[in-house]
Amino acid sequence: AADMLMHSLRILVVWEYPCSAKQGSDLLALLATIRIHLPDDHYMLTAALPANKQVLQYVDLGRAATYLDFLNLTAYDFFGSWTSRTGHHSQLYATTNKDETSGASAVSYLTAAGVPPGKILLGIPVFGRSFLHASGPGQKQKGVGGSDGAIEYAELPPDIPPPHFDDE
């Protein structure tokens, strides 16, 4: 796979985000059309989809995998200014509720839907999210810090509190 990445041109399809069965079907039609016109040995076809079952449910992921070389799973932005509770915005495992979206739950959802594990790329953020007046996940949100809650890692102050690690 690494050799394939180094010697191929890549086409990335980003559809934010299929929100109906019709849009999921349209995404599949787009992927199929692109794949038909690509020489297999020169181009890779990839798509970015969120790690969110409410969106993924509209896409026949098993069929999508037949057209794609890789599926880029955007496993971040689980919590932020748009949520009522605080939480890890790119958690690998659910922390406060087993039904929370997480990287692991999304990968499990994709594999159960027929996506081969070797085609899944887990996307991680290069920024953090900040909640004001919060000491951990699962609390009622009282506002966000940074630019709409986002803080680039390079912009973190040197006197930040020590990181919080979960048991998993």
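Odds and ends about this structure:
- Test: residue in the stretch 101-110 that is open to solvent by less than 50 Å² (accessible area, probe 1.4 Å) and under 17 Å from SER84 (Cβ atoms): yes
- Checked against the criterion of being modelled with pLDDT of 85 or more and not hydrophobic (A, V, I, L, M, F, W, C), the candidates PRO158, PRO137 yield just one match: PRO137.
- Against the list (1) under 17 Å from PRO116 (Cα atoms); (2) modelled with pLDDT of 90 or more, the condition ALA1 fails is (2).
- Selected residue (criterion: nearest to the chain's Cα centre (by Cα)) from residues of the stretch 116-130 that are hydrophobic (A, V, I, L, M, F, W, C) and in a loop (DSSP other than H, G, I, E, B): ILE124
- Answer residue from the stretch 62-105, given it is out of contact with any His (no Cβ under 7 Å at 6 or more places or on another chain) and of a type in the set (Asp, Glu) and is nearest to LEU121 (Cα to Cα) among those: ASP69
- Here LEU92 does not qualify as open to solvent by less than 30 Å² (accessible area, probe 1.4 Å) and hydrophobic (A, V, I, L, M, F, W, C).
- Residue in the stretch 44-55 that is more than 17 Å from GLY123 (Cα to Cα), at pLDDT 85 or above and either open to solvent by less than 20 Å² (accessible area, probe 1.4 Å) or not β-branched (Val, Ile, Thr) (or both) present: yes
The values are calculated or read from the model by the stated rules, or taken from the named source; none is laboratory data. Source: prediction; values computed, not measured. Because the Cβ atoms are built from the backbone with ideal geometry, glycine has one as well, and the counts that use them run over all protein chains shown. In case anyone asks, the SASA skips ligands and DNA or RNA and just uses the protein heavy atoms, side chains included. Shrake-Rupley method; radii C 1.70, N 1.55, O 1.52, S 1.80 Å.
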